[in-house]
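Readers should treat all values here as calculations from the given coordinates under stated rules, not as data from a laboratory. Values in this document were obtained by computation on a predicted structure and should not be read as measured data. Glycine gets a Cβ as well: all are built from the backbone with ideal geometry, and neighbour counts include every protein chain shown.
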Ligand SMILES: Cc1ncc(COP(=O)(O)O)c(C=O)c1O
């Protein structure tokens, strides 16, 4: 692994394609992966790790669900990319709209970044305004305005982002409508959009407080701006109808990605018919790309929906496993007198190295003990459990994980939490 890290550092910028993977934010060595199967990642020595990174969210079925990875020739036999509109993408759009009726019209792109970037462009074109309000600790990809005070992949500073971009971005506190009002006071007329993760998953797992999303919609309406839900993580992670099925709030625009491609790069954005009408050729706003609606990826997205429709029991299975994991962590914390709070929603489990109630916003998330987390994460790796090397990330379970994996993980955590114990932990008791 050491040799690969050296080679990576020599030829890949920073040794990686995405900084969080490098382990840099937690001061951990980079994990170099050789293969994967089911719930497991394997390093170059062939050692097996129970994988809770799950590629940062897309792998709802683990790495190699047979219904996704077999018969791929049949997806390829009519060609891989066409550059034309085709029946299967129309059918995919119809299937998505049946689950997410707020997406009256949509367009396919390649990544979640592109989906959110395009949604923002639509909002700006539709409103004729440029300002965006976002939340510290939400992550929407790596286009310029999204990176300001982002969660998960943040921490790199703001290199390459012009001041002029910053001038158009307001950053509020998640779950804090007063902070939204403060930023908008006397300045609503320039607002194009409010963009939000309807369930936060990039500063740990953070639930929207009662009335928060409703409050955002009211404020967007009052300002004449659009509300954009970033469901890149939440759609399909939290059911076929996503986070928007759990709130009366209907977003104007939505971005999708990650799980919908089953491991292949496909994403989508869409929403109100009148807003989407700004896009060329109907309107004067351009989004487009060589791989938009790529038939191979579209074929995989159909498979993902096919699997979920054929296996409605999958969500309850993952929820059961995640409950077992969360209960196990709680039991260990109680026994060891550790003050951490475990949060779990369906297949997502999370805790921070901080005392008190679950994090409500990025300030809370950032108050966690980074050193204790780094020790814990390293010790978990030594015990064969792969966690994302950043405390802003969460643990993703999949249909491939088993109760035995969960129990092995808890045994590893018992050891790792001993290794992570710091004087801070003791003071917090
Ligand atoms: C909520 C959310 N939105 C957007 C993105 C960007 O997606 P991608 O990495 O596919 O560009 C991410 C990626 O982690 C995300 O978590």
For segment 71-309, what is the relative contact order in percent, using Cα pairs closer than 8 Å and at least 6 residues apart in sequence?
30
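List 4, 45, 118 from most exposed to least, where exposure is judged by having the fewest other Cβ atoms within 10 Å.
With the sparsest Cβ surroundings first, the list reads 45, 4, 118.
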Grab the beta carbon distance between residue 306 and residue 331, set R0 = 41 Å, and tell me the FRET efficiency rounded to 0.05.
0.60
Using alpha-carbon positions, the gyration tensor of the chain gives root eigenvalues a ≥ b ≥ c; with a/c under 1.5 called rounded, otherwise prolate if a/b exceeds b/c, else oblate, the class is oblate
Classify segment 107-217 as rounded, prolate or oblate, taking a ≥ b ≥ c as the square roots of the eigenvalues of its Cα gyration tensor: rounded when a/c is under 1.5, otherwise prolate if a/b is larger than b/c and oblate if not.
rounded
Relative contact order, percent, the chain [alpha-carbon distance under 8 Å, six or more residues apart]:
22
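If each DSSP helix of 4+ residues adds -39,500 (n - 2.57) and the sum is divided by the residues in the chain, what number results at 222 nm, nearest 500 deg cm²/dmol? Write out the running numbers ahead of the final one.
Numbers: 15 runs with 158 residues, N = 429.
It comes out at -11000 deg cm²/dmol, rounded to the nearest 500.
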For a test of the definition: using alpha carbon positions, the gyration tensor, and the 1.5 limit on a/c, classify segment 1-146 as rounded, prolate or oblate.
oblate
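Indicate, rounded to the nearest 5 percent, the antiparallel portion of the DSSP beta bridges found entirely in the chain. Don't skip to the end; give the middle numbers.
On the way: 25 of 43 bridges.
Around 60 percent antiparallel, to the nearest 5.
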Would you mind pulling out the separation of the Cα centroids of segment 117-181 and segment 199-246, in Å?
15
So how do 407, 43 line up by other beta-carbon neighbours within 10 Å, fewest first?
407, 43
Debye calculation, C-alpha points only, no solvent: report log10 I(q)/I(0) for segment 275-362 at q = 0.23, 0.24 Å⁻¹, in the same order as the q values.
-1.06, -1.11
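May I ask you to compute the full-extension gain from residue 105 to residue 4, defined as 0.36 nm times their residue separation minus their alpha-carbon distance, rounded to one decimal in nm? Provide the component values of the computation, followed by the final result.
Details: separation 101, 0.36 × 101 = 36.36 nm, distance 4.52 nm.
Here the answer is 31.8 nm.
How high is the FRET efficiency from residue 166 to residue 286, r the C-beta distance, R0 30 Å, rounded to 0.05?
For residue 166 and residue 286, the calculated efficiency is 0.80.
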By Cβ neighbour count within 10 Å, fewest first, 249, 81 rank 81, 249
Assuming 0.36 nm per residue, please report the length gained on full extension of the stretch residue 55 to residue 382 beyond their Cα-Cα distance.
115.8 nm
